[in-house]
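Enquirer: Below is one structure. I have some questions about it.
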């Protein structure tokens, strides 16, 4: 089954975002600096990238989004249609030139891929991690959307701040992030998220045209095999696409390794040498 756009859509949706303007030198203006739009994972919010942003904010204008159904955008029901509509409106109205680089983690990366499929004319490049289509038991689990969202809702509200951050060894807590995640862990948001994710397939990726995409796996928790397969499909449509694994990264590695995360984003956008920690998963000619 492939994703289909709904026949009835809301138009011009205004999602919440935090703008971090570039550091300007004399004679510079913001429009001369490319824009990067950051898309967070399920249950999270724009704070997810608060430690990545300082490594990029000197040279880029950054827009840290709250996706529909999440945090400051809670009033907008979550759906892929609403996310794509809102991102399209954001870029057309708030980005000079009407094009942006997209960076997404987990759900944010999957939405980035779907956005590249539907609105390639608005995308300069895409860098996504932990966003390969699911298969096997992970896909089955997503299909149990009511049960899964119920478990996460209960577990999330029982977990203390200490327990939450213990799942990210060595990570210094980000003020406010745990509270936002807890507020976002509810059936109203999670069930439609899982219902959409179960429909994402490699066939959807094969429909993307004209966008240069990097897809990355966190080696400790993400499915590397699925990332390879996704990378192959993306490259079959665009020879500039690539797939990587960062072996020491967890799924939510914007918190764990923010500088390395930002280095990879910068290298992909600027077409410069990728850090050695990014191990290519595709052979030449794949």
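Enquirer: List the residue pairs whose Cβ atoms are under 7 Å apart, where the first residue sits in segment 235-258 and is at negative phi and without any contact (Cβ under 8 Å) to a residue 12 or more places away in the chain, the second is surrounded by 17 or more Cβ atoms within 10 Å (Cβ to Cβ) and part of a loop (DSSP other than H, G, I, E, B), and the two are 6 or more positions apart or on different chains.
Expert: 257/249
Each row is one residue, and each column tells you yes or no for (1) surrounded by 20 or more Cβ atoms within 10 Å (Cβ to Cβ); (2) in a helix (DSSP H, G or I).
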residue	(1), (2)
132	yes, no
141	no, yes
162	no, yes
165	no, yes
169	no, no
181	yes, yes
192	no, yes
222	yes, no
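Enquirer: Further question on the same structure: For residue 196, all conditions in the list (1) over 17 Å from the mean Cα position of the chain (by Cα); (2) under 23 Å from residue 231 (Cα atoms); (3) touching a residue at least 12 places away in the same chain (Cβ under 8 Å); (4) part of a helix (DSSP H, G or I) hold save one; what is the number of the exception?
Expert: If we test residue 196 against (1) over 17 Å from the mean Cα position of the chain (by Cα); (2) under 23 Å from residue 231 (Cα atoms); (3) touching a residue at least 12 places away in the same chain (Cβ under 8 Å); (4) part of a helix (DSSP H, G or I), just (1) comes out false.
Enquirer: From the residues in segment 143-160 that are assigned to a loop (DSSP other than H, G, I, E, B) and surrounded by 12 or more Cβ atoms within 10 Å (Cβ to Cβ), which one is farthest from the chain's Cα centre (by Cα)?
Expert: 159
Enquirer: Let me ask something else. Which residues, taken from segment 78-90, are touching a helix residue (DSSP H, G or I) at 6+ places or on another chain (Cβ under 7 Å) and either surrounded by fewer than 18 Cβ atoms within 10 Å (Cβ to Cβ) or within 14 Å of residue 118 (Cα to Cα) (or both)?
Expert: Listed by number, the residues that qualify are 80, 83, 84, 87, 88.
Enquirer: Then there is this: Pull out all pairs, ordered by first then second residue, where Cβ-Cβ is under 7 Å, the residues are six or more apart or on different chains, the first lies in segment 150-169 and is on the phi < 0 side of the Ramachandran plot and at pLDDT 95 or above, and the second is part of a loop (DSSP other than H, G, I, E, B) and surrounded by fewer than 15 Cβ atoms within 10 Å (Cβ to Cβ).
Expert: The qualifying pairs do not exist here.
Enquirer: Looking at (1) within 24 Å of residue 81 (Cα to Cα); (2) in contact (Cβ under 8 Å) with a residue 60 or more places away in the chain; (3) loosely packed, with under 14 Cβ neighbours inside 10 Å, find the lone condition where residue 211 falls short.
Expert: (3)
Enquirer: How many residues are within 13 Å of residue 205 (Cβ to Cβ) and crowded, with 24+ Cβ neighbours inside 10 Å if we restrict to segment 115-128?
Expert: Residues flagged as within 13 Å of residue 205 (Cβ to Cβ) and crowded, with 24+ Cβ neighbours inside 10 Å within segment 115-128 amount to 4.
Enquirer: A further question on this structure: Residues 97, 109: which one is closer than 23 Å to residue 186 by Cβ and either assigned to a helix (DSSP H, G or I) or at pLDDT 95 or above (or both)?
Expert: 109
The values are calculated or read from the model by the stated rules, or taken from the named source; none is laboratory data. Only a predicted model underlies this, so the values are computations on that prediction, with no experimental measurement involved. Heads up, the Cβs are rebuilt from the backbone with ideal geometry, glycines too, and the neighbour counts pull from every protein chain shown.
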